[in-house]
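To start, the structure itself, in structure tokens.
Derivation of every value follows stated rules applied to the coordinates shown; laboratory data play no part. The shown structure was predicted, so the numbers you read here are calculated from the model rather than taken from an experiment. Using ideal geometry, Cβ is built from the backbone for each residue, glycine included, and neighbour counts are taken over all protein chains shown.
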Amino acid sequence: MRKKLNAILLLILLVLLSCGAGCTDSGRFAVSGKTSTLGLGGEFTTAVASNINARIGINALDLDFEYELDDIEYDIGLDFSSFSALLDWHIFDSPFRISGGVLSMNHNLDLYASATGEQEIGGFTYDWSEIGTLSGSVEIDNVAPYVGIGWGNPLTGDQSWGFTCDFGVAFAGSPDVALSATGMASDPVFQANLERERRDIEDELEDFKFYPVISISFFYRF
């Protein structure tokens, strides 16, 4: 996580240094720190027309938590990273905007489950001593189209500081799920049920092919 946050800070610093003397006209550029459903991030914004801005950004999120998938309680390690390239159209030069562009998403969740007693796998009941340890992963690794709406134009107004917000969706495609168990590796019936369990998890996560993007940004214009 620290390396990714350093990369965000480095991106902002490089943008500032690359502007040099060309940034002397106040209001031409803005840098933002943001928090969103993509994680923590940073953005650089510039105008490409009187009512159209372009944004590039980077986001990252590391998190550990527990979550139930198909009636099994998993310890989940979440590792999200993404890059964005967006255009904002401010209708009638207002703060309201319609946004579109692409997100390069590399989202990974590591799954781990181990317990005592009985557990249903693929419609059949096994003892955890037979299952051993369940481990797997969920991946979204796509260049996803993005559309959304938002409020706030960091390149207009009397103040150099301010806030913006976005509400949109990235069309990321269905997550890919991998699942394995340390027990009964040579049992073809168990492996068939484990594959059925994997497909059930994919079906449960199907809605995430439309990934919601909600963000709040704090910007500085220069």
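Whole-Hz Karplus values for the range 149-162 come out as 10, x, 9, x, 10, x, 9, 10, x, 7, 9, 7, 10, x Hz, taken residue by residue from phi with 6.51 cos²θ - 1.76 cosθ + 1.60 and θ = phi - 60°; glycine and proline positions read x.
For the peptides 30-41, 64-75, 143-154, residues were scored by their other Cβ atoms within 10 Å and the scores averaged per peptide; the highest-first order is 30-41, 143-154, 64-75. Just to be sure I understand, if you calculate Rg and Dmax of the Cα atoms in Å for this structure, which of (1) 20.1, 71; (2) 17.7, 56; (3) 22.0, 70 do you get? This structure yields the entry labelled (3).
When the chain is treated as a Gaussian network with alpha carbon springs shorter than 10 Å, the biggest mean-square fluctuation among Phe167, Phe44, Phe92 belongs to Phe92.
Rounded to the nearest whole Hz, the Karplus-based 3J(HN,Hα) values (6.51 cos²θ - 1.76 cosθ + 1.60, θ = phi - 60°) of the range 195-202 follow the sequence 5, 5, 5, 4, 5, 4, 5, 4, with x at glycine and proline. Calculate the length of the line joining the C-alpha centroid of the range 144-222 to that of the range 65-103, in whole Å. If you average the Cα positions of each part, the centres end up 6 Å apart.
Enumerate the residues in the range 175-215 having an amide nitrogen under 15 Å from the point lying 7 Å beyond the Cα of Phe124 toward its Cβ. So the set is 181, 183-198. From most to least packed by mean Cβ count within 10 Å, the peptides 184-192, 100-108 give 100-108, 184-192. Under 13 Å from the Cβ of Phe96, count the other residues' Cβ atoms, weight Lys and Arg +1, Asp and Glu -1, and hand me the total. Summing Lys/Arg as +1 and Asp/Glu as -1 gives -2.
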